[in-house]
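Q: My questions will all concern the structure given below.
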Amino acid sequence: MSEVPVNSDNYCYRHPDRQSYILCQRCGRTVCAQCQTQASVGVHCPECVREARQSTARTKPALITAINRARTGGGPVVTYSLIAVTTLVYLLQLVTDGFLTSALLYWAPYTETQPWRMLTSVFVHSDNSFLHFAFNMYSLLIFGRLVEQMLGRGRFAALYLLSGLGGSVAVLLISPTTPVVGASGAIFGLLGAYFVIQRGLGGTNVQLLVVLGLNLVIGFIVPGIAWQAHLGGLIVGALTAVIYLKTRHRNKKNTQLLLVWSVLGGLILITVVGVALMYQRLA
């Protein structure tokens, strides 16, 4: 009898004492049952599995991705910051038993001595209605990201604050005896700006127009909603968007700044007139 020669290719490369006839699908090395990892086709050896894991891009959580984009300049920083600040203020409202709400809300008689309330009221909401806060923040999340992407951070921040101020001015002129809170005026400014920009760039958005109309009508019908702020924010937001559109070229940057500051100056002037008219009404 003759001795059969041993073929090393038929033994596991990691365990030379274990005979096997199974090959790694990627590198072709012989692997025993213990060293095999089932793949979609055939099996892989431990080294090939390790290399595949190292080369596979890791998927990061959406929150981490958003933070990294914001840090590197690619995310809607202003939108997220406004939501964060407003959320923090709302939580503080809940634990201060109405003190913070009273300190930041806007009421027309406060205008002469505490004019900053015309803006701080944008960041406070009804502490008796979570839906008021949640709906505004959801709207800001949806439309804020879109408008900020279109305009850039500085222009978007100016638009939001001017719209919020415009809402307070409208309340002063139309309903000076009504105390108001909420970001609705600023949100309507974003909606108006988005519609104007879409139209100015050749787009059509009938659905947005319908949403705007319905929300304005609801403000007139449902009690407890400051439709005056909605209307004021919508007008100021649309006007500011028209300025951005007409002066979007680089050589008109100074003109754009001048016109935006003019909007602010106009709102301040209207506020002064509104305070005088308010005193005449109350006299």
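Q: I need every pair where a residue in the stretch 110-125 that is assigned by TED's automatic domain parsing to the domain that holds His230 has its Cβ under 7 Å from the Cβ of a residue that is loosely packed, with under 15 Cβ neighbours inside 10 Å and of a type outside the set (Gly, Ala, Ser), sequence separation at least 6 or different chains.
A: Phe123/Val85
Q: Of all the helices (runs of 4 or more DSSP H) wholly in the stretch 107-206, which have at least 3 residues that are modelled with pLDDT of 95 or more and farther than 14 Å from Thr79 by Cα? Give the derivation first.
A: Numbers: elements: 117-120, 130-151, 153-174, 184-200.
Ranges flagged: 117-120, 153-174.
Q: Let me ask something else about it. Would you mention how many residues in the stretch 87-102 are under 19 Å from Ala229 (Cβ atoms) and surrounded by fewer than 20 Cβ atoms within 10 Å (Cβ to Cβ)? Can you show your working first?
A: So in the stretch 87-102, the residues under 19 Å from Ala229 (Cβ atoms) come out as 89-90, 93, 101-102.
Filter once more, so that each one left must be surrounded by fewer than 20 Cβ atoms within 10 Å (Cβ to Cβ): 89, 102.
The total comes to 2.
Q: Kindly indicate the residue of the stretch 243-263 that is crowded, with 17+ Cβ neighbours inside 10 Å and under 26 Å from Val171 (Cα atoms) and also farthest from the chain's Cα centre (by Cα) among those meeting that condition.
A: For the stretch 243-263, the residue satisfying everything is Leu259.
Q: Can you spot a residue in the stretch 84-97 that is of a type in the set (Asp, Glu) and either under 22 Å from the mean Cα position of the chain (by Cα) or at pLDDT below 90 (or both)? Spell out how you get there, then give the answer.
A: Here is the first cut: in the stretch 84-97, the ones of a type in the set (Asp, Glu) are 97.
Okay, now just the ones that are also either under 22 Å from the mean Cα position of the chain (by Cα) or at pLDDT below 90 (or both), so 97.
Checked the stretch 84-97: at least one residue is of a type in the set (Asp, Glu) and either under 22 Å from the mean Cα position of the chain (by Cα) or at pLDDT below 90 (or both).
Q: Count, please, the residues in the stretch 12-38 that happen to be within 11 Å of Val49 (Cα to Cα) and loosely packed, with under 13 Cβ neighbours inside 10 Å.
A: Within the stretch 12-38, residues that are within 11 Å of Val49 (Cα to Cα) and loosely packed, with under 13 Cβ neighbours inside 10 Å number 1.
Q: Can you tell me which residues in the stretch 223-271 are modelled with pLDDT under 95 and either assigned to a loop (DSSP other than H, G, I, E, B) or farther than 21 Å from Ala193 by Cα (or both)?
A: Across the stretch 223-271, the qualifying residues are Pro223, Gly224, Ile225, Ala226, Thr247, Arg248, His249, Asn251.
Q: Taking the criterion of being at pLDDT below 95, closer than 18 Å to Leu140 by Cβ, loosely packed, with under 15 Cβ neighbours inside 10 Å and not charged (D, E, K, R), would at least one residue in the stretch 208-215 satisfy it?
A: Of the stretch 208-215, the ones at pLDDT below 95 are 208-215.
Checking the rest, the ones that are also closer than 18 Å to Leu140 by Cβ come to 208, 211-212, 215.
Subset that is loosely packed, with under 15 Cβ neighbours inside 10 Å: 211.
When the remaining residues are screened for being not charged (D, E, K, R), the result is 211.
Yes, some residue in the stretch 208-215 is at pLDDT below 95, closer than 18 Å to Leu140 by Cβ, loosely packed, with under 15 Cβ neighbours inside 10 Å and not charged (D, E, K, R).
So that you can scan it fast, the table gives a plain yes or no per residue for (1) in contact with a helix residue (DSSP H, G or I) (Cβ under 6 Å, 6 or more places away or on another chain); (2) within 21 Å of Val89 (Cα to Cα); (3) in the same structural domain as Lys246 (by TED's automatic domain parsing):
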position: Tyr138; (1), (2), (3): no, yes, yes
position: Ser168; (1), (2), (3): yes, yes, yes
position: Ser175; (1), (2), (3): yes, no, yes
position: Ala183; (1), (2), (3): yes, yes, yes
position: Val196; (1), (2), (3): yes, no, yes
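Q: Can you pull out every residue in the stretch 237-283 that is charged (D, E, K, R) and in contact (Cβ under 8 Å) with a residue 24 or more places away in the chain? Walk me through how you get there before you give the answer.
A: Filtering the stretch 237-283 down to residues charged (D, E, K, R) leaves 246, 248, 250, 252-253, 281.
If the condition is that a residue be charged (D, E, K, R) and in contact (Cβ under 8 Å) with a residue 24 or more places away in the chain, then Arg281 is the only one that fits.
Q: Using beta carbons and a limit of 7 Å, which pairs, at least six apart or on different chains, have the first residue in the stretch 167-178 and closer than 12 Å to Val275 by Cβ and the second one among the β-branched types (Val, Ile, Thr) and surrounded by fewer than 24 Cβ atoms within 10 Å (Cβ to Cβ)?
A: Val169/Ile270; Val169/Thr271; Leu172/Thr111; Leu172/Thr271
The values are calculated or read from the model by the stated rules, or taken from the named source; none is laboratory data. The structure presented is a predicted model; accordingly, all values stated were derived computationally and were not measured. In this analysis, Cβ positions are derived from the backbone assuming ideal geometry, glycine residues included, and neighbour counts consider all displayed protein chains.
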